[in-house]
Amino acid sequence: MKVLVIGSGGREHAIIKSLKKNNKISEIIAAPGNGGISKDAKCIPIKANDITGITNYVTEEKIDYVVVAPDDPLAIGMVDALEEKGIRCFGPNKAAARIESSKVFSKNLMKKYNIPTAEYETFSDYEKAKCYIESDYVKFPIVIKADGLALGKGVVIAENLEEGRDALNIIMNEKKFGDSGSNIVIEEFLTGPEVTVLSFTDGKIVVPMISSMDHKRIFDGNKGLNTGGMGVIAPNPYYTKEIAAICEKTIFLPTIEAMKKEGCPFKGCLYFGLMLTQNGPKVIEYNSRFGDPETQAVLPLLETDLLTIMESVTDEKLESIDIRWKDAFSACVVMASGGYPESYKTGLPISGLENEGEAIVFHAGTEYKSDTFFTTGGRVLGITAIAENPRKTLEKAYKTVEKIKFEGAHYRKDIGKY
Ligand code: AMP
Ligand code: GLY
């Protein structure tokens with residue numbers, strides 16, 4: 001069986017390493033992949049968003065199964081295009097991917113189906129949005145979100161009216177996030193621990209994976225700019241059995257049902273970004289895909305074969321699979337380029353990768369040439385370790401992190417010290 005994985009980050013590397021355990025698979029191909037992925041799969045130079053390039057390749061090379069991992073190809077209908085050609089794949093179609101690609105869609109869905117989330121208003125007109133934040137209805141801080149995909153950067157927390165006006169101007173007039181900012185959501189600021197729950201769903205049932213905790217800010221102590229994620233621990237210590245039961249009943253199942261009722265059942269990995277507020281768990285965001293770096297911490301804990309689960313999602317037979325997890329803890333520490341998430345250098349040689357030790361090194365932004373790995377992105381590597389207790393996972397992960405070097409390398413030293 002030939003399997004193609006679309007994408008090029010640490011998440012895709014983690015998916016590929018899990019798929020490699022299945023001996024039904026004769027070849028794994030990544031489009032476009034990265035330096036580290038090239039050691040585990042054949043990388044082909046086709047961009048993740050190139051629908052024509054991918055569909056032609058899949059037909060010519062007789063690929064049996066495609067995993068569409070990143071948000072962009074899902075949002076532009078990669079799965080629809082592949083299915084039209086009769087190719088089996090993992091991931092939601094374009095209509096279902098709106099749960100991530102349009103915040104207006106997802107907020108309206110939650111309101112209609114009574115799924116707990118922050119109170120909000122939507123706007124497509126700058127003057128109306130400005131009048132609204134100047135009115136007595138609004139209590140600061142408020143959260144302003146661009147409707148569309150913005151690489152996780154389209155969210156502004158405005159502490160006061162001045163910051164709110166600035167954010168509206170930047171998003172709606174200056175179009176800092178392009179057309180993503182034509183429509184916006186203004187919502188209530190919530191507080192509480194954040195939890196990520198990735199789930200498998202075939203559109204009929206939903207099976208949550210082990211919970212996790214991302215560390216989104218660039219610096220220790222949750223300081224500095226938001227990033228794509230600087231580290232993860234799993235399971236999330238705040239996510240008790242009682243809270244999990246509430247989430248299943250009030251959030252997970254109602255979301256799957258809601259998508260079905262709206263005529264766009266969701267098949268794939270649905271990401272629930274939750275906040276545990278004093279008034280119960282609420283949805284902060286949905287993503288239509290595996291999270292990154294969450295996947296790098298969660299998939300190494302999976303005991304059941306990943307391809308078998310994915311195929312059961314595609315075939316809408318998820319209820320026939322018993323998904324099991326290791327009774328262990330996991331931690332992933334991200335090594336980033338100095339300066340990320342703003343500007344940073346690339347093309348720097350990485351040394352010490354032979355010291356993987358007891359950890360797993362996932363590559364996020366690397367290329368391999370002349371026997372050396374070089375940096376190519378903001379997030380460069382994700383170092384994951386598993387152990388029987390949280391302290392040991394962190395010790396093992398940091399032991400490997402400290403042996404890997406590249407100029408300006410930056411990582412948080414407080415992952416898991418919540
Ligand atoms: P999002 O892209 O929607 O996940 O937002 C990015 C981050 O902004 C989240 O992980 C939260 O830390 C924060 N955030 C988003 N919405 C809210 C909210 N309503 N209240 C407080 N923080 C929020
Ligand atoms: N780690 C956050 C995300 O994948 O969106």
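Values quoted throughout were computed directly from the atomic coordinates according to the rules given, and no laboratory measurement underlies them. Bear in mind that the values here come from a model prediction, so they are computed numbers and not experimental data. Here Cβ is always computed from backbone atoms with ideal geometry, including for glycine, and neighbour counts include all displayed protein chains.
Charge dipole (Cα centre; +1 on Lys/Arg Cβ, -1 on Asp/Glu Cβ; no other charges) of the chain amounts to roughly 540 debye. Which lysines, on any chain, are close to residue 175 with Cα under 21 Å apart, when same-chain ones fewer than 8 places away are left out? Straight-distance partners of residue 175: 103, 128, 130, 145, 153. The packing ranking of peptides 61-67, 99-105, 45-51, 241-247, highest mean first, is 99-105, 61-67, 45-51, 241-247, where packing means the average number of other beta carbon atoms within 10 angstrom of each residue.
The helix-only estimate of mean residue ellipticity at 222 nm for the chain, built from DSSP H runs of length n ≥ 4 each weighted as -39500 (n - 2.57), is -7000 deg cm²/dmol after division by the residue total. Evaluated over the Cα positions of the chain, the convex hull gives a direction-averaged projected area, one quarter of its surface, of 19.5 nm². Annotated for the range 235-355: lysine pairs at least 8 residues apart or interchain, Cα distance under 24 Å, count 15. For the range 339-418, the set of GluC sites (Glu not before Pro) satisfying both a DSSP loop assignment and a count of at most 15 other C-beta atoms within 10 Å is given as 342, 356, 358, 388, 402, 407.
Given the C-alpha centroids of the range 211-252 and the range 273-326, what is the distance between them in whole angstrom? If we compute the Cα centre of each part, the gap is 14 Å. Averaged over residues, the count of other Cβ atoms within 10 Å places the peptides 280-287, 17-24, 375-382, 5-12 in the sequence 5-12, 375-382, 280-287, 17-24, highest first. Between the range 394-409 and the range 50-65, the alpha-carbon centres lie 38 Å apart.
The relative contact order of the range 17-78, computed from alpha carbon pairs under 8 Å that lie at least 6 residues apart in sequence, is 24 percent.
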